[in-house]
Amino acid sequence: MNDPKTIYLSLGSNIGDKLFHLQQAIFKIAEKVASVTAISNVYESASWGFEAANFYNCCIVIETNVSAGELLLKLQEIEKELGRDRSLKDGYISRIIDLDLLYYGHDIINYDDLTIPHPSLHLRQFVLKPLSDIAPQFNHPIFYKDTQNMMQMCKDEGEINKTPLKLYKTKEQLFSKLNFIAIEGNIGAGKTSLATKISEDFNAKLILEQFADNPFLPKFYEDQARYAFPLEMSFLAERYQQFTDDTSQFDLFKNFMISDYDIFKSLIFAKVTLQEEEFKLYRKVFDFMYKEIKKPGLYVYLYQNTDRLLENIKKRDRDYEQNIPQDYLEKINRGYLDFINSAQERQILIIDISELDFVENKNDYDVIIDKLIAFSCKLNG
């Protein structure tokens, strides 16, 4: 087998969530072609050759022994997956994603549908500037000039600016920048299932709420008025102790932490279940504890309609949950949404999963992961 070639690609987008499109393209290239070994800074540039929204541009490096022709086809497939319509007219038009093959090692290739080096790369600063980040001294095999020299000679006067935005080689790296993700939702929403799956797929430390042995929980579902206060206080004490222990011990062999609860849920449930005076006392204790705990970098709320919640609760067949009234679940949903509306200091992503089955359907799971990526891109920007 031939040694892998060092290949340089240019990426651009000027439609919709441009940073997300670039990031998705990088992830798909890594998945379908080869690992990405280097990524340039992200640059913003005016559209070249036509009037339209500004582009985001970057360059990346991959190493593969896939032939140049096969690589071109793979890149075109990725463009199509991300929404590019190649049936539109040729020439300079706005694009969700544009993937250009700049160099294939030092090879010179002239096919009917592929010319390498890219015939216009030396004419465009929006290619040369990001390329200079990762290949400043790479020599053009025809002009015998490196990237920096071509930049100096380039007559393109179009405006281009380096942005503070950042792109990542892998999803693990992107999520690791959040440090800690909390998955929240109503009873039966699927918090544990999603947190567990993400932890397995992206090498995260998994923190699960432990409450099955709480002696007040079955009694609470039988007599809420009597057992609400001892139940909520015992939950708060347990959550505080567990949450503090688990989040203070970072696992060096994991990329980030993910939990199937956030301790703020204690306040949400307590407000629904406690009488006014009980809640005032509870709030004082909660506020004291809350100051000391670790806050998630991203708070994900899984919204599920009440009928689906009741179906899920029935399926998991916990005896003490089978008689949960519908109006109680609706109150909890409203409590979460009130919290989300008032928590301006938090980074919160709401995902409506009422029509999704991320446990059984991989496409539905991918929809959720894409939403996490898109939101994380905004935070990293």
(message) Starting from the 7 Å offset along Cα-to-Cβ, what nm value, one decimal, do you get for the label separation of Asn110 and Asp357?
(response) 5.7
(request) Of the DSSP beta bridges with both residues in region 171-380, give the percent that are antiparallel, rounding to the nearest 5. (result) 0
(message) If you build the convex hull over the alpha carbons only and average its shadow over all orientations, what do you get for region 304-372? Give it in nm² to one decimal.
(response) 5.6
(message) Run the numbers for Gln152 and Gln224: contour at 0.36 nm per residue of separation, minus the present Cα-Cα distance, in nm.
(response) 18.4 nm
(message) Computed from the coordinates I sent, semi-axes √(5λ) of the Cα gyration tensor in Å equals one of [x] 33, 24, 20; [y] 51, 20, 19; [z] 31, 27, 25. Tell me the label.
(response) [y]
(message) How compact is region 171-380 by the rule of thumb for globular proteins, expressed as Cα Rg over 2.2 N^0.38 Å?
(response) 1.00
(request) Determine the distance separating the Cα centre of region 264-333 from the Cα centre of region 207-252; give it in Å without decimals. (result) 11
(message) Using a Gaussian network model on the chain with a 10 Å cutoff between Cα atoms, which of Asn179, Asn110, Asn305 fluctuates the most?
(response) Asn110
(message) Please identify the DSSP H helices in the chain that span no less than 30 Å along the helix axis (Cα) and have a mean Kyte-Doolittle hydropathy of -1.0 or more.
(response) 224-248
(request) For region 91-221, list log₁₀ I(q)/I(0) at each q in 0.10, 0.20, 0.21, 0.22 Å⁻¹, using the Debye formula over Cα point scatterers of equal strength and ignoring solvent, two decimals each. (result) -0.60, -1.19, -1.27, -1.34
(message) Just to confirm the filter: which GluC sites (Glu not before Pro) across region 295-381 are DSSP coil and have at most 11 other Cβ within 10 angstrom of their Cβ?
(response) Glu345, Glu355, Glu360
(message) Could you tell me which residue out of Leu75, Leu99, Ile7 lies farthest along the dipole of region 5-162 toward its positive end? Charges go on the beta carbon: Lys and Arg +1, Asp and Glu -1, centred on the Cα centre.
(response) Ile7
(message) Bins of 10 Å, beginning at zero and ending with the bin holding the largest distance: percent of Cα pairs per bin for region 258-349, please.
(response) 14, 41, 35, 10
(request) Report the GluC sites (Glu not before Pro) located in region 30-87 that are in a DSSP loop and have at most 14 other Cβ atoms inside 10 Å of their Cβ, or state none. (result) Glu51
(request) For region 11-111, state which chymotrypsin sites (Phe, Trp or Tyr not before Pro) are in a DSSP loop and have at most 10 other beta carbons lying within 10 Å of their beta carbon. (result) Phe50, Tyr111
(message) Could you work out [θ]222 nm for the chain from helices alone, using -39500 (n - 2.57) per DSSP H run of at least four and dividing by all its residues? Round to the nearest 500 deg cm²/dmol.
(response) -14000 deg cm²/dmol
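Coordinate-derived values only; no laboratory data. Nothing here was measured: the structure is a model prediction, and the numbers come from that model. Positions of Cβ are generated from backbone atoms using ideal geometry, with glycine treated the same way; all protein chains shown enter the neighbour counts.
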